[in-house]
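The values are calculated or read from the model by the stated rules, or taken from the named source; none is laboratory data. Remember, it's a predicted structure, so these values are computed and weren't measured experimentally. With ideal geometry, Cβ positions are generated from the backbone for all residues, glycine too; neighbour counts draw on all protein chains shown.
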Amino acid sequence: MYRLTISLTLLSSLTFAQGVGDWPLHGLDYAETRYSPLKEIHAGNVSRLGLAWYLDMETRRGLEATPIVIDGVMYVTGSWSVVYAVNAVTGKRLWRWDPEVSHAWGQKACCDVVNRGVAFYRNRVYVGTLDGRLAALNAANGIPLWQVQTTDKNQPYTITGAPRIVKGKVIIGNGGAEYGVRGYVSAYDAETGKLAWRFYTVPGDPSQPFESPALEKAAKTWTGEWWKHGGGGTVWDSLSYDPELDLLYVGAGNGSPWDWKTRSPGGGDNLYLSSILALRPDTGELVWHYQTTPGDSWDYTAAQQMILATLEIGGKPRKVLMQAPKNGFFYVLDRATGELLSAKPFVTVNWAKEVDLKTGRPVENPSARQPAMGFIQQPGPLGGHNWQAMSFHPGTGLVYIPAQETGFPYIRDTRFKFLPGTWNLATMALPTADPLPITPGMLLAWDPVRQSARWSVPYPSYWNGGTLATAGNLVFEGTADGRFVAYDAETGEKKWEMPVGTGVMAAPATFTVKGKQYVSVLAGWGGSFALIGGRATKDGGVPGRLLTFALDGKTTLPAPPPPPPPPALFASDADPKIVPKGAVLYARWCSVCHGFGAYSGGAIRDLRYSSEAVLRSYPKIVLEGSYASAGMPALKEWIGPEEVDAILAFVVTQRNKAAAGK
């Protein structure tokens, strides 16, 4: 059921008690601030920062985890939900646990086979696996103590988010809304793995009893037969907790299918999609909710990070929850009641004019519901801010957001037919021979009280990494174009940077061992942007790595391999007349993993560079699944030989353009 490799060196001397300089929780604290009081590394000496050590993560797929560090041991996940324990000072691997997720399950993961990290509690390491399991591992050796299946394996659920521990319970959600599932969040007993409670984020079949009064209320905001297609609302990332109020905050995702009128033909807000939910952690009871995007039709999830803080608003201290979800507005809520205190756009927004503070609802642009051809809506489905973590510095009062400018032509698919087990958006994927256009990203220092930017640093591409703020007056962030950078937290002045050879998406962590401060980050390009064609970094096949920095570090990274030469021309006997059909089929079935126009973003090998033997084996690969062990599933359930021929004709056309230097 799993593979485990262990190095026994040093294990006998390790203890697992949390220390002052540890990074014990996913966001450092329950409030998910990602603000560290450590300041050995500061704005005055960060120029001396250097690489202390690195560890090859044995993958060229996306790396998104934040390390957990307890008493000198680092616990971190790689792609395919593999867990590593590492000596945090030397980088020596102590043990490795592979849950042996079937690589065919990768087809069910909308946004790469990633994992955002583990939780640590009472000498146990907890991880959710891509195929829906929750595992508790012995922290000393990685041996599983228990595993439970948190999802129905007959449904296309996945887990990519990090678990959280609250009051002796492991809190875990899941993903899969693009495929047609019903979202929920669960709590399991941390000692035994027994299910304590489950809260569904959308109502099920109304002919059956509702699981709670909250869902009975929510059902009144839905129409049609949404439950047949799941409804969506998956809790795939964000969770925060306030011990004083004893409230667990849960971010719910988008609708399934995306298109509102397909999902709920008679309209309605579709609670609790795209909502922030406050639950009692003992029971899962809903206390309050706030919906950021009523009747979501654009993949505007509210699953982005929620930061808890106390801000002075109107001359009074307010306990607030802050979120910058995909829809482009920065929200400040009273976290005791859910009252909306303020909301302003932090990136370009054209789907709504503003958020009405009296009603809490967005004032929508009519074109967002009835788009005309050529209307590029902003933000697009990748959002003004996605899963990459933001941080809050209580000294500067600023939130540091990995923000981005994105757009998308949302066109309703009037011929939509639900196909179980694959993408079901009811939104058209437009055929194109061009790669996805690269639009700007930025590090945005946002004042949540004034609801305005204090400063920003522009980047050539979006999909940059999560942020870390420290008492050393620093903000750390990795970039899509392959750098790790430190900025002055007050002014945004760049104080230090180092090229790391590949795009960085993950958020850094900082910690001390024996009084010495370190900063660690995973570097490994991938995720949804890279899969659909993000080419922000031409990494030439650089493997994903765990990088750890310290003052006066002297380690150097190996030189990256040279980029591949242009592909050779491929003589195809395909009829050129079927290439347009192939472009349409490719957009529907292939682009979400292999990139628009067959321009890979680096997470998966570029199809245009395939060998002739691979190109001639397309029927076996695409229809029969001969590459299933590598994550390429069989598609014979949905397409046939003629469609494969057309897809191949399109790919070969794109290959030959590259061979000709076009």
Selected residue (only one of 568, 550 is among the aliphatic types (A, V, I, L, M), part of a loop (DSSP other than H, G, I, E, B) and outside the structural domain of residue 237 (by TED's automatic domain parsing)): 568
Can you report the number of residues in segment 386-413 which are in a loop (DSSP other than H, G, I, E, B) and within 29 Å of residue 431 (Cβ to Cβ)? 9
If a residue must be in a loop (DSSP other than H, G, I, E, B) and surrounded by fewer than 18 Cβ atoms within 10 Å (Cβ to Cβ), how many such residues does segment 573-591 contain? 3
Hey, can you tell me all the residues within segment 250-273 that are under 22 Å from the mean Cα position of the chain (by Cα), in a loop (DSSP other than H, G, I, E, B) and of a type outside the set (Asp, Glu)? 252, 253, 254, 257, 258, 272, 273
Need the failing condition index for residue 193 against (1) out of contact with any strand residue (DSSP E or B) (no Cβ under 6 Å at 6 or more places or on another chain); (2) closer than 18 Å to residue 132 by Cβ, just the number. (1)
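Quick one: in segment 301-352, of everything that is touching a strand residue (DSSP E or B) at 6+ places or on another chain (Cβ under 8 Å) and among the charged types (D, E, K, R), which residue is farthest from residue 235 (Cα to Cα)? Even if it seems obvious, please write down each step before you answer.
Residues of segment 301-352 that are touching a strand residue (DSSP E or B) at 6+ places or on another chain (Cβ under 8 Å), as a first pass: 301-313, 317-325, 327-347, 349-352.
Adding the requirement that they be among the charged types (D, E, K, R) leaves 312, 318-319, 334-335, 339, 344.
Details: 312: 30, 318: 27, 319: 24, 334: 21, 335: 19, 339: 22, 344: 24 Å.
It comes out as 312.
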Any chance you could count how many residues in segment 46-98 are charged (D, E, K, R), part of a loop (DSSP other than H, G, I, E, B) and closer than 21 Å to residue 114 by Cβ? 4
Here are some conditions: (1) within 24 Å of the chain's Cα centre (by Cα); (2) hydroxyl-bearing (Ser, Thr, Tyr); (3) farther than 29 Å from residue 20 by Cα. Residue 452 meets all but one. Which one does it not meet? (1)
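This table checks each residue for (1) part of a loop (DSSP other than H, G, I, E, B); (2) surrounded by fewer than 22 Cβ atoms within 10 Å (Cβ to Cβ); (3) of a type in the set (D, E, K, R).
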| residue | (1), (2), (3) |
| --- | --- |
| 198 | no, yes, yes |
| 209 | yes, yes, no |
| 221 | yes, yes, no |
| 248 | no, no, no |
Any pair with Cβ under 8 angstrom, 6 or more apart, that starts in segment 366-378 at a residue that is in contact (Cβ under 8 Å) with a residue 40 or more places away in the chain and ends at one that is among the β-branched types (Val, Ile, Thr): 371/411; 378/347; 378/348; 378/349; 378/406
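Go through segment 436-456 and report how many residues are assigned to a loop (DSSP other than H, G, I, E, B) and surrounded by fewer than 18 Cβ atoms within 10 Å (Cβ to Cβ). Spell out how you get there, then give the answer.
The initial filter retains those residues of segment 436-456 that are assigned to a loop (DSSP other than H, G, I, E, B), namely 436-440, 448-451.
Still in the running and surrounded by fewer than 18 Cβ atoms within 10 Å (Cβ to Cβ): 437-440, 449-451.
Looking only at that region, the number is 7.
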Yes/no for residue 460 being in contact (Cβ under 8 Å) with a residue 24 or more places away in the chain, within 21 Å of the chain's Cα centre (by Cα) and surrounded by fewer than 17 Cβ atoms within 10 Å (Cβ to Cβ): yes
Looking only at segment 125-172, filter to residues that are aliphatic (A, V, I, L, M) and touching a Pro at 6+ places or on another chain (Cβ under 6 Å); which one of those is surrounded by the fewest Cβ atoms within 10 Å (Cβ to Cβ)? 166
Give the residue, chosen from 548, 512, 555, that is in contact (Cβ under 8 Å) with a residue 40 or more places away in the chain and surrounded by 24 or more Cβ atoms within 10 Å (Cβ to Cβ). 548
Matching entry among 586, 609 (being hydroxyl-bearing (Ser, Thr, Tyr), closer than 26 Å to residue 425 by Cα and in contact with a Pro (Cβ under 8 Å, 6 or more places away or on another chain)): 586
Condition first: small (Gly, Ala, Ser) and either more than 18 Å from residue 422 (Cβ to Cβ) or assigned to a helix (DSSP H, G or I) (or both). Now tell me which residues in segment 618-659 satisfy that. 626, 628, 629, 630, 646, 649, 658, 659
Output the residue which, of all residues in segment 65-108 that are surrounded by fewer than 21 Cβ atoms within 10 Å (Cβ to Cβ) and touching a helix residue (DSSP H, G or I) at 6+ places or on another chain (Cβ under 6 Å), is nearest to residue 22 (Cα to Cα). 103
Among the residues of segment 300-313, are any assigned by TED's automatic domain parsing to the domain that holds residue 262, of a type in the set (Val, Ile, Thr), within 24 Å of the chain's Cα centre (by Cα) and outside any strand (DSSP E or B)? yes
Scanning for something in a loop (DSSP other than H, G, I, E, B), in contact (Cβ under 8 Å) with a residue 60 or more places away in the chain and not charged (D, E, K, R), does segment 323-331 turn up at least one residue? yes
Please name all residue pairs, on different chains or six or more residues apart, with Cβ atoms under 6 Å, provided the first residue is in segment 54-82 and is under 17 Å from residue 478 (Cβ atoms) and the second residue is of a type in the set (Phe, Trp, Tyr). 76/84
